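Below is one structure, written out as structure tokens; comments come after it.
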Amino acid sequence: MTLFVAVCELIDWIIRCRRAELEETLLLESIPGVPYQPPSLPPGGAADDDDDGRESCVICVTPYEAGDPCSVLPACTHSFHTHCILQWLRTKRTCPLCRAALTMTVAAPPDAPPPHGDHLNAAELMV
């Protein structure tokens, strides 16, 4: 009986690990990638002295080059080198700059019923 329980716990652990790997893969694949485009100069031709200092990746502190593959986090729209943010998100689920939480949102199919079905509860009927 003890062997059976141990095998069941091992199978449960394997399933949880696989589920976590799948969730991580889906999260990483949901982050849009874009090539870096340097900001355009103002009409005077000089850069602003107000620059927010983010012309480099805050993870690797390497300046962005035109065309570098970058990823934009959907929660806060901060961008980072793609390889940097992928490595970061393997251990953390927050933006390295503002700590906004990244979560996987799964869109419902277009023909899916509303969350409460077709039935309204008493509070919804009063409105």
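Some notes on this structure:
- Among the conditions (1) at pLDDT below 85; (2) loosely packed, with under 13 Cβ neighbours inside 10 Å, the only one that A101 does not satisfy is (1).
- Some residue of the stretch 67-90 being modelled with pLDDT of 80 or more, of a type in the set (K, R) and in contact with an Asp or Glu (Cβ under 9 Å, 6 or more places away or on another chain): yes
- Filter result for C95 (at pLDDT 90 or above and either under 24 Å from P38 (Cα atoms) or among the hydroxyl-bearing types (S, T, Y) (or both)): yes
- Yes/no for G45 being in a loop (DSSP other than H, G, I, E, B), at pLDDT below 80 and exposed (fewer than 13 other Cβ atoms within 10 Å of the Cβ): yes
- Residue list for the stretch 48-63, filter: of a type outside the set (A, V, I, L, M, F, W, C) and either touching a Gly at 6+ places or on another chain (Cβ under 6 Å) or at pLDDT 90 or above (or both): T62, P63
The values are calculated or read from the model by the stated rules, or taken from the named source; none is laboratory data. Fair warning: this is a prediction, and the values are worked out from it, not measured in the lab. Cβ sites come from the backbone with ideal geometry, for glycine too, and all protein chains shown count toward neighbours.
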